[in-house]
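K.L.:
Below you will find the structure I want to go over with you.
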Amino acid sequence: MMVKMMVLVSALGALTACSDEGQLVATPLNNVQKIEVVNDQALDVQCDTGICQFEVSTSSHDEITVNMFYDGQRAFEKIEGVSVTGPSGATVRIEGENQFTLILSGDDEPTKVQVIDYYRN
């Protein structure tokens, strides 16, 4: 099932996962090689350059944990910044060297996220 889901992401450029409370949608915009739904409240994002943009939306008020990677094995070393543009109520909280929590308002409006790693390539 996961292989089919990843093929769908490549073909459509977006990934959708359903949860009991709402639907999580992640769409790559710039410099995102892959977005993978880990579970209904977590995303892994692969960004080879260390600077990327993507959109996330959900139909429920939710906290989404985002893990950032250069490739499948190498995590971001230190997130320099995360900027969030979109509906009011969408905020971000840095959790670690390669992880942040995105708090979404749940109004199905896309929230644009830009992430920059301090040690970017």
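The values are calculated or read from the model by the stated rules, or taken from the named source; none is laboratory data. What you see is a predicted model; the values in this text were computed from it and never measured. Every residue, glycine as well, gets a Cβ built from its backbone with ideal geometry; the counts of neighbours run over all protein chains shown. What goes into the accessible areas is simple: the full protein's heavy atoms, side chains included, and nothing from ligands, DNA or RNA. Shrake-Rupley method; radii C 1.70, N 1.55, O 1.52, S 1.80 Å.
K.L.:
Got at least one residue in the range 94-102 being free of Cβ contacts under 8 Å to residues at least 24 places away in the same chain, charged (D, E, K, R) and either assigned to a loop (DSSP other than H, G, I, E, B) or crowded, with 17+ Cβ neighbours inside 10 Å (or both)? Reasoning before the result, please.
P.N.:
Of the range 94-102, the ones free of Cβ contacts under 8 Å to residues at least 24 places away in the same chain are 94, 96-97.
Subset that is charged (D, E, K, R): 97.
So of that shortlist, the ones also either assigned to a loop (DSSP other than H, G, I, E, B) or crowded, with 17+ Cβ neighbours inside 10 Å (or both) come out as 97.
Within the range 94-102, one or more residues are free of Cβ contacts under 8 Å to residues at least 24 places away in the same chain, charged (D, E, K, R) and either assigned to a loop (DSSP other than H, G, I, E, B) or crowded, with 17+ Cβ neighbours inside 10 Å (or both).
K.L.:
Run Asp108 past the list (1) open to solvent by 20 Å² or more (accessible area, probe 1.4 Å); (2) on the phi < 0 side of the Ramachandran plot and report the number of the one that doesn't hold.
P.N.:
Asp108 satisfies all of (1) open to solvent by 20 Å² or more (accessible area, probe 1.4 Å); (2) on the phi < 0 side of the Ramachandran plot except (2).
K.L.:
Here's a follow-up. For the range 71-85, does any single residue satisfy the condition of being assigned to a loop (DSSP other than H, G, I, E, B), open to solvent by less than 50 Å² (accessible area, probe 1.4 Å) and not aromatic (Phe, Trp, Tyr)?
P.N.:
Within the range 71-85, the subset assigned to a loop (DSSP other than H, G, I, E, B) is 71-74, 76-78.
Checking which are open to solvent by less than 50 Å² (accessible area, probe 1.4 Å) leaves us with 76.
From the residues that got through so far, the ones that are not aromatic (Phe, Trp, Tyr) too are none.
Looking for residues that are assigned to a loop (DSSP other than H, G, I, E, B), open to solvent by less than 50 Å² (accessible area, probe 1.4 Å) and not aromatic (Phe, Trp, Tyr), one finds none in the range 71-85, hence no.
K.L.:
Failed condition for Val32, given (1) assigned to a strand (DSSP E or B); (2) of a type outside the set (Ser, Thr, Tyr); (3) modelled with pLDDT of 95 or more, with all others met?
P.N.:
(1) is the only condition that Val32 fails.
K.L.:
Being among the hydroxyl-bearing types (Ser, Thr, Tyr) and under 14 Å from the mean Cα position of the chain (by Cα) is the filter here, so list the residues in the range 58-76 that pass it. Please lay out each step first, then the result.
P.N.:
First, the residues of the range 58-76 that are among the hydroxyl-bearing types (Ser, Thr, Tyr): 58-60, 65, 70.
Correct list: Thr58, Thr65, Tyr70.
K.L.:
State whether one or more residues within the range 54-68 are within 19 Å of Glu36 (Cα to Cα) and open to solvent by 60 Å² or more (accessible area, probe 1.4 Å). Give the derivation first.
P.N.:
Here is the first cut: in the range 54-68, the residues within 19 Å of Glu36 (Cα to Cα) are 54-59, 62-68.
Narrowing further to those that are open to solvent by 60 Å² or more (accessible area, probe 1.4 Å): 63.
Yes: the range 54-68 contains one or more residues that are within 19 Å of Glu36 (Cα to Cα) and open to solvent by 60 Å² or more (accessible area, probe 1.4 Å).
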